[in-house]
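Report on the following structure.
Where a number appears in this text, it was derived from the coordinates with a stated rule and is not lab data. Bear in mind the structure is a predicted one, so any value in this text is a computation, not a measurement. Cβ placement follows ideal geometry from the backbone for every residue including glycine, while neighbour counts extend to all protein chains displayed.
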Amino acid sequence: MGDLSSDDIVIPRIIVGLGNPGKKYERTRHNVGFDAVNHLAHRWQISMTEHRRFNAHFGEGFARPGMKVALLKPLTYMNRSGQSIRAALDWFKLEPQSVLVIYDDMALPMGRIRIRLSGSAGGHNGVKSAIAHLNSQDFPRLRIGIGPPSHPADHPDKQVVSHVLGRFSAQETTVISDILEWVGDAVALSVHKGVNSAMNLYNGRVYGE
């Protein structure tokens, strides 16, 4: 199957946020996908509980009257996220394009989000796992910019780990809080009118402008 066309109307049925489970990872940059799903759960009044079959926190509810959606936060740790997504897809008998995956992106500046219908993992371990387990790159994703590490380091790999597993500063927390509102609006639009509508509205938007 080729890449999804931007002319296709793709309506997500399962919204997945990527992150790592456990208190030590809460509110870290790498867990902003979890934060996005938490925001959606609050917005849509969907109760999230642990689901053993999916090895995830999971909930179902209505994004609007007549439009049922599922929310998923894998509990597998980031590099095995695809196992949980695959289990949910199989259970609901859905194709990969029915999943919208939300995650952090260092290549994207803080204050930006980017929505795509398909593509490579871009070095993100959670997305690598999703591609491997779904055997496809053809699923929509929403990336939340966290920006690169602020200072050059002698050990770039270590710096990347400390950056993504670090917590947002007070100023960044304010920005991310507003960005999560954007994410909520973008996902709601995707569910109502298709992912391409959200792409057109949000991919060029810059926080503070």
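If you plug the beta carbon distance of S120 and V206 into 1/(1 + (r/R0)^6) with R0 = 35 Å, you get a FRET efficiency near 0.90. Summarising the label geometry, the points placed 7 Å from Cα in the beta-carbon direction at V175 and K193 lie 2.8 nm from one another. Under 27 Å of direct C-alpha separation, and excluding same-chain neighbours fewer than eight residues apart, K93 reaches these lysines: K68, K73, K128, K193.
Working from label points 7 Å from Cα in the Cα-to-Cβ sense, the I11 to Y77 distance is 3.9 nm.
Summed over qualifying helices (DSSP H, 4 residues or more, each -39500 (n - 2.57)) and divided by its residue number, the chain shows a 222 nm mean residue ellipticity of -11500 deg cm²/dmol. Look at (1) 59, 35, 32; (2) 49, 39, 36; (3) 70, 33, 30: the one that is Cα extents along the principal axes in Å derived from this structure is (2). Taking the DSSP beta bridges with both ends in the chain, the antiparallel portion is around 55 percent.
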